[in-house]
Amino acid sequence: MGDDRITPHHAAELAQCFTQHAARLFGHACVLARGDKALAEDLVQTTFEAAGRAWPTLRGLAEGQLRAWLSSTLANIAASNFRRAAAFRDRLPRIEARFRKPA
């Protein structure tokens, strides 16, 4: 694994970004998660984890661009999670049939 740490200065900037944008992102995530607040919280957390990894680049963006990056990243993460869950639901009957013990 690589070194995922960021500088204390960047961490402070990212914390300020979180303070400014987390509530709005949570609202957006609640809509995408159809009211599932736990899932919405997970989506926001995953979005800020991605922001932390990309912070050296993101910190130079204009405010509108940063908001757009956060929103689109959240939407992309949600879509990936929903596709993964749907694929699992589609495969679940075959998995259960394969491993079901004969009666």
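Annotations for the structure displayed:
- Here residue 92 qualifies as open to solvent by less than 60 Å² (accessible area, probe 1.4 Å), over 15 Å from the mean Cα position of the chain (by Cα) and farther than 26 Å from residue 5 by Cα.
- Condition check for residue 6: surrounded by 13 or more Cβ atoms within 10 Å (Cβ to Cβ) and outside any helix (DSSP H, G or I): yes
- Residue in the range 23-33 that is assigned to a loop (DSSP other than H, G, I, E, B) and in contact with a helix residue (DSSP H, G or I) (Cβ under 8 Å, 6 or more places away or on another chain) present: yes
- Residue match in the range 50-58 (condition: charged (D, E, K, R), under 21 Å from residue 9 (Cα atoms) and in a helix (DSSP H, G or I)): yes
- Here the range 34-68 is the region considered, the condition is being of a type in the set (Ser, Thr, Tyr) and either over 16 Å from the mean Cα position of the chain (by Cα) or closer than 15 Å to residue 20 by Cα (or both), and the residue that is least open to solvent (accessible area, probe 1.4 Å) is 47.
- Meets criteria (polar (S, T, N, Q) and open to solvent by 80 Å² or more (accessible area, probe 1.4 Å)) for residue 76: yes
- Residue match in the range 23-31 (condition: without any contact (Cβ under 8 Å) to a residue 12 or more places away in the chain and within 15 Å of residue 77 (Cβ to Cβ)): yes
The values are calculated or read from the model by the stated rules, or taken from the named source; none is laboratory data. What you are looking at is a predicted structure, and each value in this text was computed from that prediction instead of being measured. Because the Cβ atoms are built from the backbone with ideal geometry, glycine has one as well, and the counts that use them run over all protein chains shown. Accessible surface is based on the protein model in full, side chains and every heavy atom, while ligands, DNA and RNA are left aside. Shrake-Rupley method; radii C 1.70, N 1.55, O 1.52, S 1.80 Å.
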